[in-house]
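Enquirer: I have a structure I would like to understand better, so I am pasting it below and will then ask my questions one at a time.
Bear in mind these aren't lab numbers, they're just calculated from the coordinates by the rules spelled out. Since the structure is predicted, the reported quantities are computational estimates derived from the model, not experimental observations. Reconstructed Cβ throughout: ideal geometry from the backbone, glycine too, with neighbour counts over all protein chains shown.
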Amino acid sequence: MNKPEYQRVAYYPGCALEGTGHAYNRSTQAVGAALGLKLDEVKNWNCCGAMEVKNIDPAVQTYLSSRVLSIAANEMGAKVVMAPCNGCYHNLKKAEHELAHDAGSREAVERISKKAGHATYRAGQLETIHALDWIKDGIGEEELKRRLKGSLKGLKVANYYGCMYTRPRHIFPEKDRGPGSESTSQPHFMDDLLAAAGAENVEFPLKTACCGGAHTLSDSDTSTRLVLNILRAAETAGADVIATECPTCHSGLEMHQVRAEKVLGEKTQVRMLYFTQLLGIALGVSPRRLGVHENVSDGLALLREKGLA
Amino acid sequence: MRESLLAQAESALEEWLRARSETPTGERVEGFRLLALHRQGARGVPSFNACRETCREIAYHYNLLADPRERTERREKMMALLVEHLRLFVRGKLEVEGLGEFCCASRPLRNESETKGIAHG
């Protein structure tokens, strides 16, 4: 599609990409560089208000996300902000929706922003997108194909989107708009990009299923069993690798794969790689620059086995 | 096989509803009681929609398995994994909502999975 406004965007990595999802951060930046897409990291960004704050006071969560949006719009002059993490993406979209439709949220954000001494974010100043939108609509499959230096041919991929990328539907008004738009029930942007890079996508009916991330600490056994079920479904579908686009889902799949073997004695072989790592490989970027060695799941062995590294 | 798996999926949602002191509906949505039960279970609990697509995939696999050409071991196993996922999801939700082991209705879900033999075979 090649939207010109996606060629240079404000980049909101979020907390996870500085920690467990560091490889996602590296690979997102490496793929952007390989494709000529520019990222300007949001200055002095803060937590989006993910889980903890939301449970205490939803208005504070809306404020925290709005501060990130305010810096990008009012201090950096950006028109588009890109968040690769599903949690961050979801919360920025939710804040946008709250500010557009809820007077109480507007009042709270106005009040806290004034107290914090920065400009108040107004709904509509920015467009929030995910890393998938950024590449799909910033470059598109045809242009991506032209820039490939290799191919993912021979690699069978189960695309796992998790449950926050498309839910709740009402905060993603740009989705479900027919051909070319993303679907909230059967998301396909990752499938499209990886297919363009030569991968064989398998039919994977748990692509938007819960990974148990929300209760990974309070009820670890249920989380482990949910993840184990996702891993088994991917293997049953014939996948070599599960492609991910969320650091929380990704680390959940990796950690609970290890835990399933230790605690339940259930071993699975499927590997996990971020979609940006897979695209990077096809674009000729080295696995090290993509942070493949940082993954818990041994993606490097799989890539070598398939002749991709 | 598909009838039994669909019944287990419905049973998981019935347990969720009973734990919340609701009477499970006998209605159908798009020909499936499962989808009607999901709709009922998500009323007032938006996060329960995280299993909406799993329910729809169960219905889809149920339909596929009616076709002899699609009735493969892999397809049956996938439907069993979907049902298992729904059961685990509901189990987690019961725990989060404080309905877990405190509620008699949830005990079958907290115990060993009935689909284990099929899904893990």
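Enquirer: Considering only Cα-Cα distances, which of the following residue pairs are longer than 19 Å: A:Lys94/A:Lys115; A:Lys136/A:Lys175; A:Lys207/B:Lys77?
Expert: Numbers: A:Lys94/A:Lys115 22 Å; A:Lys136/A:Lys175 14 Å; A:Lys207/B:Lys77 16 Å.
Violating the 19 Å Cα-Cα cut-off are A:Lys94/A:Lys115.
Enquirer: From the backbone phi of the range A:37-46, what are the Karplus-calculated ³J(HN,Hα) couplings (6.51 cos²θ - 1.76 cosθ + 1.60, θ = phi - 60°) in whole Hz, Gly and Pro given as x?
Expert: So the J values, rounded to whole Hz, are 9, 9, 10, 10, 4, 4, 6, 6, 6, 10.
Enquirer: Here's another thing I want to ask about it. Helix-only mean residue ellipticity at 222 nm, the protein assembly as shown, DSSP H runs n ≥ 4 weighted -39,500 (n - 2.57), per residue, nearest 500. What is it?
Expert: About -14500 deg cm²/dmol.
Enquirer: Quick one: dipole size for the range A:4-130, taken about the Cα centre, charges +1 on Lys/Arg Cβ and -1 on Asp/Glu Cβ, in debye to the nearest 20. Could you put the intermediate results ahead of the total?
Expert: Values: 14 positive and 13 negative charges, 32 e Å.
Charge dipole, the range A:4-130, about its Cα centre: 160 debye, nearest 20.
Enquirer: Can you compute the FRET efficiency between A:Lys262 and A:Ile56 using 1/(1 + (r/R0)^6), with r the Cβ-Cβ distance and R0 = 30 Å? Round to the nearest 0.05.
Expert: Rounded to the nearest 0.05, the efficiency is 0.35.
Enquirer: Additional query: For A:Val80, what residues show an amide H to amide H distance below 5 Å, using hydrogens built from the backbone and excluding near sequence neighbours?
Expert: Counting only residues 5 or more places away or on other chains, the set is A:Ala10, A:Glu127.
Enquirer: Here is a follow-up. Which parts of the range B:43-74 would a label at A:His101 reach, counting a residue when its backbone N lies under 20 Å from a point 7 Å out along Cα-to-Cβ?
Expert: B:43-53
Enquirer: For chain A, what is the relative contact order in percent, using Cα pairs closer than 8 Å and at least 6 residues apart in sequence? Please report the intermediate quantities before stating the final value.
Expert: Details: 566 pairs, mean separation 65.0, N = 309.
This gives 21 percent for chain A.
Enquirer: Using 7 Å Cα-to-Cβ label points, what is the A:Ser185/A:Lys145 separation (nm, one decimal)?
Expert: With each label point 7 Å from Cα toward Cβ, the separation is 2.9 nm.
Enquirer: What is the distance in Å between the Cα centroid of the range A:109-147 and that of the range B:3-50?
Expert: What the calculation gives is 37 Å, centre to centre.
Enquirer: Which order do A:Ser27, B:Ser11, A:Ser181, A:Ser297 fall in if you start with the one that has the fewest other Cβ atoms within 10 Å?
Expert: The fewest-first ordering by Cβ neighbours comes to A:Ser181, B:Ser11, A:Ser297, A:Ser27.
Enquirer: Lys and Arg at +1, Asp and Glu at -1: add these up for the other residues within a Cβ distance under 12 Å of A:Lys267 and post the number.
Expert: 0
Enquirer: Under a GNM of chain A (C-alpha, springs under 10 Å), which listed residue has the highest mean-square fluctuation: A:Asn91, A:Asn25, A:Asn44?
Expert: Per the Cα network of chain A with a 10 Å cutoff, A:Asn44 tops the list.
Enquirer: Please express the shape of the protein assembly as shown as an equivalent ellipsoid: the semi-axes are the square roots of 5 times the eigenvalues of the C-alpha gyration tensor, given largest first in whole angstrom.
Expert: Gyration-tensor ellipsoid for the protein assembly as shown: 34, 28, 19 Å.
Enquirer: Using a 10 Å cut-off around each Cβ, can you sort B:Tyr62, A:Tyr121 from fewest to most neighbouring Cβ atoms?
Expert: By the 10 Å Cβ count, ascending: B:Tyr62, A:Tyr121.
Enquirer: Any chance you could check the Cα centroid distance between the range A:184-208 and the range A:1-60 for me, in angstrom?
Expert: 22
Enquirer: Given charges of +1 on the Cβ of Lys and Arg and -1 on the Cβ of Asp and Glu, with all other atoms neutral, how large is the dipole of the protein assembly as shown about its Cα centre, in debye to the nearest 20?
Expert: 520
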